[in-house]
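These notes are about the structure you will find just below.
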Amino acid sequence: MKVIGVYMDRCLGCKTCELYCGAERGSEGKTLLAAVQETPVPRPRVRVEGGPGGAFPLQCRHCLQAPCLDACLTGALHRDEKSGMVIIQEERCIGCWTCTAFCPYGVIYPSCERKIAVKCDRCLYMEKPVCVDVCPTQALEVMELDEIEELLGEKRQNTTKALAGVGREGIRILDIGR
Amino acid sequence: MTCIIVGGGRAGFQAAMTCRMLRPDQAVTLIDAEKETGYYRTLLPQFMVGALPEERLFFPTGNNDPLLTVRTGVRVKTVDCDSRSLTLEGGETLGYDRLILAHGGDPYLPGILAGPPCHGIFPIRDLTNARRAKAWLTDHRQVVVLGGSLVGVKTAVHLRQAGLAVALVVRRGHILLRALSPESTEVIEAHLRGLGIEICVNAPLEEISASGGAIDALKVGGRWLSCNTLLVATGTAPDTSFLEGTGLLTDGKLIVSPGLQTSDPRIFAAGDVAVISSRGEKISPNTWPQAVSQGRLAAENLYRAVPTPHRDMTRINAMDLHGLAMVILGPPVSGAEVISHARADAFVRRELFLVAGRAVGGALIGDITAAGTIHALINSQRQLTAREAGLIRPRTENVIRFPEQTGRRAALILSPKRSSL
Ligand SMILES: Cc1cc2nc3c(=O)[nH]c(=O)nc-3n(C[C@H](O)[C@H](O)[C@H](O)COP(=O)(O)OP(=O)(O)OC[C@H]3O[C@@H](n4cnc5c(N)ncnc54)[C@H](O)[C@@H]3O)c2cc1C
Ligand code: SF4
Ligand code: SF4
């Protein structure tokens with residue numbers, strides 16, 4: 001399965017991804033100028049959290065055991081067999097907000113004006129996700145989940161090596177991510 | 001090697017699907033008392049008022065599965081744990097290797113309604129009654145909804161939205177008595193009144209008046225309300241009578257371990273019928289998401305030497321009351337510390353109940369941002385940091401902060417495997 005990965009050291013917290021996601025995926029006009037004039041105000045499906053030095057663009061993780069999927073009262077949320085992603089069928093959504101209360105990352109949003117929940121679908125029907133496309137520092141990248149496993153494996157190996165290197169004396173804090 | 005599931009509601013269906021997926025060689029039989037199964041009970045209010053076509057009520061169905069037998073319109077009458085068999089209405093006996101009890105709750109009807117049959121009275125629980133109510137409501141548009149539970153409130157709002165005259169009658173206290181604090185209820189009640197719903201509190205049902213065999217008025221709390229339809233949402237109680245003598249019941253309740261196992265290791269329970277005994281508490285969330293997650297877990301645990309405990313014991317319930325969003329995070333707890341943020345003018349109230357620094361419940365009304373994050377914090381059962389407690393303020397005033405990450409090179413991926421915060 002493909003996911004959107006984030007290079008933490010490259011994210012400036014500039015919110016360009018938010019802006020363009022809102023315009024491209026949430027607005028009728030599809031341009032920033034048109035989007036800012038629309039009511040309801042277009043809603044992005046990515047949210048930049050944190051501040052300078054520690055910003056992070058958050059969007060749906062398409063969890064393999066997705067709490068939102070279990071919670072949906074109407075069957076509007078379902079898993080797309082092919083891509084493995086959690087997708088919302090807007091015409092079935094009644095805007096009950098149950099899913100929003102079950103996503104631990106808070107990335108499925110109530111669109112109160114449209115009475116439906118909105119979430120990231122990794123721009124499934126587009127060539128590339130908008131956020132990935134517009135990020136000025138290329139902090140976002142579409143990655144295969146397996147690649148990430150590899151990356152994590154590499155990190156674990158480095159950790160082991162480094163630990164062996166210090167001869168078990170004292171404690172060393174390593175950059176092993178969260 | 002047959003697995004039998006009693007009850008074809010959300011929990012039973014989920015259990016059946018999970019069993020078939022995990023053990024493709026094992027046959028599964030699902031037995032349900034209703035003529036039709038596999039529908040979204042939660043959508044019955046919308047269906048009753050004509051806001052949702054009937055076909056939308058049913059779960060999307062997959063391919064025909066020869067090893068899944070669904071028997072509808074038949075009730076399980078007895079269970080015999082020793083011979084591992086059960087009997088159906090009509091006398092047929094079926095043997096099982098594992099059994100999942102997922103027969104939900106039956107609507108509880110106040111005794112006074114057991115009198116002579118009277119047209120225009122319907123419980124809100126099943127499709128058969130919802131169809132009858134729908135037909136009746138087309139020319140009987142003065143409705144009393146009895147019961148201030150979530151189902152009652154939700155139904156009242158949908159009826160009102162569809163233009164019917166609605167009174168919501170509550171026996172004692174306030175609406176949503178067991179779910180919300182009085183302060184939160186005030187916000188909801190004000191909103192419902194604004195929608196044009198008449199709310200009668202501390203009004204027990206005393207008398208029913210009928211003419212021509214149909215209801216025409218109700219006496220509640222000493223006062224007559226005229227109406228031509230009565231919808232009853234006074235709660236549900238599981239029918240466990242067919243389990244008497246099996247040793248599975250404690251004080252008439254089907255108590256299960258956190259792994260959803262009953263006192264018979266071959267029998268599990270899931271959904272509204274299950275009362276989970278965990279850390280000295282008896283928990284029965286009675287919600288749709290719980291029916292799904294419990295149905296799945298019961299099926300997963302059937303053959304495990306040590307059943308995996310259920311991770312989420314919360315009774316989160318969300319709904320949109322015609323423009324007012326509401327998430328119930330857990331009922332008020334006496335003696336709990338309350339932290340809140342309120343803006344009465346904007347119908348906003350956000351509150352959390354804390355016991356020894358841990359969040360145990362609360363409600364978000366009018367502004368439901370961070371609901372999922374707060375839910376995860378309640379589940380974590382740990383003491384909240386000041387920043388986490390700050391989530392009770394609305395979105396504009398809080399952000400999730402990430403620690404400084406200078407020099408970090410590698411990609412940080414929040415694992416999509418199992419979300420945990
Ligand atoms: C109108 C309405 C609105 C609701 N809205 C919400 C909401 O917004 N959010 C939320 O979280 N929850 C909501 N709920 C609650 C939610 O629907 C239930 O918690 C959930 O359906 C429980 O699922 P279950 O499978 O445990 O039981 P049920 O859905 O009750 O299914 C049990 C099945 O077992 C069958 N059965 C019973 N006894 C026997 C027997 N002896 N033999 C064979 N079959 C038997 C019954 O016929 C029934 O079909 C609502 C409920 C109603 C009625
Ligand atoms: S919306 Fe949240 S819970 Fe649902 S798949 Fe995405 S990250 Fe997971
Ligand atoms: S808001 Fe829509 S997608 Fe979310 S639980 Fe309700 S019906 Fe499902």
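Numbers below:
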{"quantity": "Cβ pairs under 7 Å, 6+ apart, first in segment B:121-140 and of a type in the set (D, E, K, R), second open to solvent by 20 Å² or more (accessible area, probe 1.4 Å)", "calculated": "B:Arg125/B:Pro107; B:Arg125/B:Thr236; B:Asp126/B:Glu34; B:Lys134/B:Gly50"}
{"quantity": "Those residues of segment A:1-25 which are in contact with a strand residue (DSSP E or B) (Cβ under 8 Å, 6 or more places away or on another chain), open to solvent by less than 30 Å² (accessible area, probe 1.4 Å) and closer than 16 Å to A:Cys123 by Cα, in sequence order", "calculated": "A:Val3, A:Ile4, A:Gly5, A:Cys17"}
{"quantity": "Test for A:Gly75: is it touching a Lys or Arg at 6+ places or on another chain (Cβ under 7 Å) and more than 27 Å from B:Arg311 (Cβ to Cβ)", "calculated": "no"}
{"quantity": "Top-ranked residue in segment A:35-58 [being closer than 15 Å to A:Lys119 by Cβ and in a loop (DSSP other than H, G, I, E, B); ranked as farthest from the other protein chains (Cβ to nearest Cβ)]", "calculated": "A:Pro42"}
{"quantity": "Filter pass, A:Pro42 being surrounded by 22 or more Cβ atoms within 10 Å (Cβ to Cβ) and away from ligand 3 (no atom under 16 Å from the Cβ)", "calculated": "yes"}
{"quantity": "Residue list for segment B:55-66, filter: surrounded by 13 or more Cβ atoms within 10 Å (Cβ to Cβ) and either touching a residue at least 60 places away in the same chain (Cβ under 8 Å) or away from ligand 3 (no atom under 16 Å from the Cβ) (or both)", "calculated": "B:Leu57, B:Asp65"}
{"quantity": "Unmet criterion (only one of (1) open to solvent by less than 10 Å² (accessible area, probe 1.4 Å); (2) in contact with a helix residue (DSSP H, G or I) (Cβ under 8 Å, 6 or more places away or on another chain); (3) among the aliphatic types (A, V, I, L, M)) for B:Ala344", "calculated": "(1)"}
{"quantity": "Single residue of segment A:1-21 satisfying the filter (outside any strand (DSSP E or B) and within 7 Å of chain B (Cβ to nearest Cβ)) that is farthest from A:Lys119 (Cα to Cα)", "calculated": "A:Asp9"}
{"quantity": "Residue match in segment B:145-155 (condition: farther than 14 Å from B:Met48 by Cα, out of contact with any Asp or Glu (no Cβ under 6 Å at 6 or more places or on another chain) and either within 16 Å of ligand 2 (Cβ to nearest atom) or part of a strand (DSSP E or B) (or both))", "calculated": "yes"}
{"quantity": "Residue in segment A:127-141 that is away from ligand 3 (no atom under 16 Å from the Cβ), more than 28 Å from B:Arg41 (Cβ to Cβ) and in a strand (DSSP E or B) present", "calculated": "yes"}
{"quantity": "Looking only at segment A:77-96, and only at residues there that are away from ligand 2 (no atom under 12 Å from the Cβ) and over 17 Å from B:Ile368 (Cβ atoms), the one that is least open to solvent (accessible area, probe 1.4 Å)", "calculated": "A:Ser83"}
{"quantity": "Test set (1) open to solvent by less than 40 Å² (accessible area, probe 1.4 Å); (2) more than 14 Å from chain A (Cβ to nearest Cβ); (3) on the phi > 0 side of the Ramachandran plot - B:Gly335 fails condition number", "calculated": "(1)"}
{"quantity": "Members of segment A:59-117 found to be more than 9 Å from every other protein chain (Cβ to nearest Cβ), near ligand 3 (Cβ under 7 Å from one of its atoms) and in a loop (DSSP other than H, G, I, E, B), listed by number", "calculated": "A:Ala76, A:Cys93"}
{"quantity": "From B:Thr87, B:Thr72, residue being in contact with a Lys or Arg (Cβ under 9 Å, 6 or more places away or on another chain) and loosely packed, with under 15 Cβ neighbours inside 10 Å", "calculated": "B:Thr72"}
{"quantity": "Which numbered condition B:Ala179 fails, given (1) outside any helix (DSSP H, G or I); (2) open to solvent by 50 Å² or more (accessible area, probe 1.4 Å); (3) under 30 Å from B:Ser293 (Cα atoms)", "calculated": "(2)"}
{"quantity": "Residue within segment B:350-364 that is over 27 Å from the mean Cα position of the chain (by Cα) and either surrounded by fewer than 21 Cβ atoms within 10 Å (Cβ to Cβ) or away from ligand 1 (no atom under 16 Å from the Cβ) (or both) present", "calculated": "yes"}
{"quantity": "A:His62 being modelled with pLDDT of 90 or more and crowded, with 24+ Cβ neighbours inside 10 Å", "calculated": "yes"}
{"quantity": "Boolean, B:Val49 is more than 16 Å from ligand 3 (Cβ to nearest atom) and open to solvent by 30 Å² or more (accessible area, probe 1.4 Å)", "calculated": "yes"}
{"quantity": "Residue list for segment A:22-34, restricted to those being free of Cβ contacts under 8 Å to residues at least 60 places away in the same chain and either within 8 Å of chain B (Cβ to nearest Cβ) or of a type outside the set (Val, Ile, Thr) (or both)", "calculated": "A:Gly22, A:Ala23, A:Ser27, A:Glu28, A:Gly29, A:Lys30, A:Leu32, A:Leu33, A:Ala34"}
{"quantity": "Hits in segment B:223-261 (condition: open to solvent by less than 30 Å² (accessible area, probe 1.4 Å) and among the hydrophobic types (A, V, I, L, M, F, W, C))", "calculated": "B:Leu225, B:Cys227, B:Leu230, B:Leu231, B:Val232, B:Ala233, B:Phe242, B:Leu243, B:Leu248, B:Leu254, B:Val256, B:Leu260"}
{"quantity": "Cβ-Cβ under 9 Å pairs, at least 6 apart or on other chains, segment B:67-87 side more than 25 Å from B:Leu22 (Cα to Cα), far side in a strand (DSSP E or B) and more than 16 Å from ligand 1 (Cβ to nearest atom)", "calculated": "B:Ser83/B:Gly95"}
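The values are calculated or read from the model by the stated rules, or taken from the named source; none is laboratory data. Nothing here was measured: the structure is a model prediction, and the numbers come from that model. Positions of Cβ are generated from backbone atoms using ideal geometry, with glycine treated the same way; all protein chains shown enter the neighbour counts. Ligands, DNA and RNA are stripped out before the accessible areas are found, and what is left, the full protein with its side chains, is counted by its heavy atoms. Shrake-Rupley method; radii C 1.70, N 1.55, O 1.52, S 1.80 Å.
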